[in-house]
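Let me begin by presenting the structure, written as structure tokens, before commenting on it.
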Amino acid sequence: MTLFLSALALLCWVVMFLAGTDVWHDVGRPDFRNLQGPPYEDLRAFAFAFYALLFVLVAHAFLSATHLVMHRRSPVRE
């Protein structure tokens with residue numbers, strides 16, 4: 001079940017990435033790294049957290065798969 005939820009979380013991340021990319025192209029590709037002002041600091045923080053989340057989700061999926069494989073290989077205890 002955890003592996004399924006990890007895969008679902010990664011799929012949700014991909015959908016959010018694709019939707020965000022469409023919005024970014026529609027608004028004229030603003031350069032968030034160099035723009036100043038109140039909304040841009042928040043957008044930079046959001047972008048950092050968004051891309052960091054990908055690594056967290058991939059690590060979680062990897063650890064879930066590893067745990068599942070190790071659990072299946074271990075002998076059944078009664």
Hey, what angle do you get for helix 2-26 against the long axis of the chain, alpha-carbon based, 0 to 90 degrees rounded to 10? 10 degrees
Which residue fluctuates most in the GNM of the chain (Cα springs below 10 Å): Leu35, Leu53, Leu11? Leu35
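Based solely on its DSSP helices, what 222 nm [θ] is calculated for the chain when runs of n ≥ 4 H residues each add -39,500 (n - 2.57) and the sum is averaged over all residues, nearest 500 deg cm²/dmol? Don't skip to the answer; put the middle values down first.
Numbers: 2 runs with 61 residues, N = 78.
Result for the chain: -28500 deg cm²/dmol, rounded to the nearest 500.
Hey, what does the equivalent ellipsoid look like for the chain, semi-axes from the Cα gyration tensor as sqrt of 5 times each eigenvalue, largest first, whole Å? Don't skip to the answer; put the middle values down first.
On the way: eigenvalues 296, 32, 11 Å².
The answer is 38, 13, 7 Å, longest axis first.
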Compute the helix-to-body angle for 38-73: its Cα long axis versus the longest principal axis of the chain, expressed 0 to 90° and rounded to tens. 10 degrees
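Bear in mind these aren't lab numbers, they're just calculated from the coordinates by the rules spelled out. Everything numeric in this text was worked out from a predicted model, so none of it was measured.
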